1. For segment 233-249, does any single residue satisfy the condition of being without any contact (Cβ under 8 Å) to a residue 40 or more places away in the chain and under 24 Å from E326 (Cα atoms)?
2. So Y162 passes all but one of these: (1) out of contact with any Phe, Trp or Tyr (no Cβ under 9 Å at 6 or more places or on another chain); (2) modelled with pLDDT of 95 or more. Which condition number does it fail?
3. With respect to P87, determine if the residue is modelled with pLDDT of 95 or more, in contact with a strand residue (DSSP E or B) (Cβ under 8 Å, 6 or more places away or on another chain) and of a type outside the set (D, E).
4. Quick test for you: out of S257, S272, pick the one residue that is surrounded by fewer than 24 Cβ atoms within 10 Å (Cβ to Cβ), of a type in the set (G, A, S) and without any contact (Cβ under 8 Å) to a residue 60 or more places away in the chain.
5. Given the residues E228, E241, E219, E215, which is the only one that is acidic (D, E), in contact with a helix residue (DSSP H, G or I) (Cβ under 6 Å, 6 or more places away or on another chain) and either within 15 Å of I164 (Cα to Cα) or buried (at least 24 other Cβ atoms within 10 Å of the Cβ) (or both)?
6. What about G144, is it in contact (Cβ under 8 Å) with a residue 12 or more places away in the chain, out of contact with any Asp or Glu (no Cβ under 9 Å at 6 or more places or on another chain) and more than 21 Å from A204 (Cα to Cα)?
7. Which count do you get for residues in segment 94-110 that are farther than 16 Å from G66 by Cα and not aromatic (F, W, Y)?
8. I need a count of the residues in segment 290-345 that are under 16 Å from D199 (Cα atoms) and either in the same structural domain as S27 (by TED's automatic domain parsing) or in a helix (DSSP H, G or I) (or both).
Amino acid sequence: MNFDFSDDQKLLRDQARKFLTDKCDRSTVRTVLEDNSNYYSNDLWKSISEMGWTGTAIPEEYGGLGLGMLELCIIAEELGRSLAPTPFSSSIYLFAEFIKLYGNEEQKTKILPLIASGEKIGTFALSETNGTPKPSNISTEENGLKLTGTKSPVSDGQSADYIIVAANSDSNKDPNSLSLYIIDKSQEGVEISELETIDPTRPACTINLKAADCEMLGEKGNGWNMIENIFNRAAVLFSFEQVGGAQVSLDEAKKYSLERFAFGRPIGSFQSLKHRMADMYVKIELARSNAYYGAWALSTDSAELPVAAAGARVSASDAFNYSSQENIQIHGGVGFTWEYDCHLFYRRSKLLSLNIGSQRQWKENLISNLEKRNILQ
């Protein structure tokens, strides 16, 4: 594989970075963090919607820009760099992709233009409170296009207008009976309970469904296959977001180490700190190369996508977790204070590492997919 972004795509990256520098400084992030009445930045969401980012990979016939997944990868990285407090990942990486790939023509025509314009927000509800999500422990049930059950946690569920729900239509919980359904959150059968998360700029909630009206998405009984495919695609996008956050963590650690003096020298000249930042750099570059591999597989519909996505997800989560922690350490005592921004990156790194599955799950996915391709045999 020999992959790089085109000149036009790199220009998009430069313009997106300039735009977010202006529209999403740290005060924007802190406003959402400290104000419990705001689940995301409405002004920022309006701005990025007006830029067309919410419709980046949505076809033009459904109100989008029709650019593609590579452009979405670029935007994801820049959103990660700025710690953008928006429901972009839930609505675009997950919900829009489900509708785009598996919705019928009526669903695409009705919903995608609203998502592309940012007028409506969507999310996906899979997890329940009984362990790692898998077909055998999904207890939410569908009966006569009515959903009953509890989903928790649901990312950006408070902000969403539409929710895709994974539910079982067979009381025996046969994996082949798991299906996906679309619900309108505004109906009476949907109750929302807020959850505390480590990063309030990416909120989550519990959703209680009480005979909520729904419509089927995709083929009945094919829910788990659809979820695996969308999660592989989303993993690449999340990895770019994580690489963006990890890179800024390193940049800020480097900047502080050159400005802070001890014993008459910048602390960045001390070998122990050099080694820490060198380790950060190596992990970030490894994650970046895996993210590029994932972007290539995603953009070409390669059969290697499951391997590439898992590799990108594992390495990017590791890079962001490590870099955000080391950024705190390099800042010393002030790194633990509310006034410095180190904790903002640490919070985001921990939250993103749990979206669409834990590190352990993705490591198991990587090993399983490598074995399927006879790479480990």
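The values are calculated or read from the model by the stated rules, or taken from the named source; none is laboratory data. Keep in mind the model is a prediction, meaning the values are calculated, not measured. Here the Cβ positions follow ideal geometry from the backbone for every residue, glycine too, while neighbour counts run over all protein chains shown.
1. No, there is no match, as no residue in segment 233-249 is without any contact (Cβ under 8 Å) to a residue 40 or more places away in the chain and under 24 Å from E326 (Cα atoms).
2. (1)
3. Values: modelled with pLDDT of 95 or more: yes; in contact with a strand residue (DSSP E or B) (Cβ under 8 Å, 6 or more places away or on another chain): yes; of a type outside the set (D, E): yes.
It is true that P87 is modelled with pLDDT of 95 or more, in contact with a strand residue (DSSP E or B) (Cβ under 8 Å, 6 or more places away or on another chain) and of a type outside the set (D, E).
4. Working: S257 fails: without any contact (Cβ under 8 Å) to a residue 60 or more places away in the chain.
Only one candidate qualifies: S272.
5. Numbers: E228 fails: in contact with a helix residue (DSSP H, G or I) (Cβ under 6 Å, 6 or more places away or on another chain); E219 fails: in contact with a helix residue (DSSP H, G or I) (Cβ under 6 Å, 6 or more places away or on another chain); E215 fails: in contact with a helix residue (DSSP H, G or I) (Cβ under 6 Å, 6 or more places away or on another chain).
Checking each option against the conditions leaves just E241.
6. On the way: in contact (Cβ under 8 Å) with a residue 12 or more places away in the chain: no; out of contact with any Asp or Glu (no Cβ under 9 Å at 6 or more places or on another chain): yes; more than 21 Å from A204 (Cα to Cα): yes.
Considered against the rule, which asks whether it is in contact (Cβ under 8 Å) with a residue 12 or more places away in the chain, out of contact with any Asp or Glu (no Cβ under 9 Å at 6 or more places or on another chain) and more than 21 Å from A204 (Cα to Cα), G144 comes out as no.
7. The qualifying residues number 7.
8. Residues meeting the conditions: 10.
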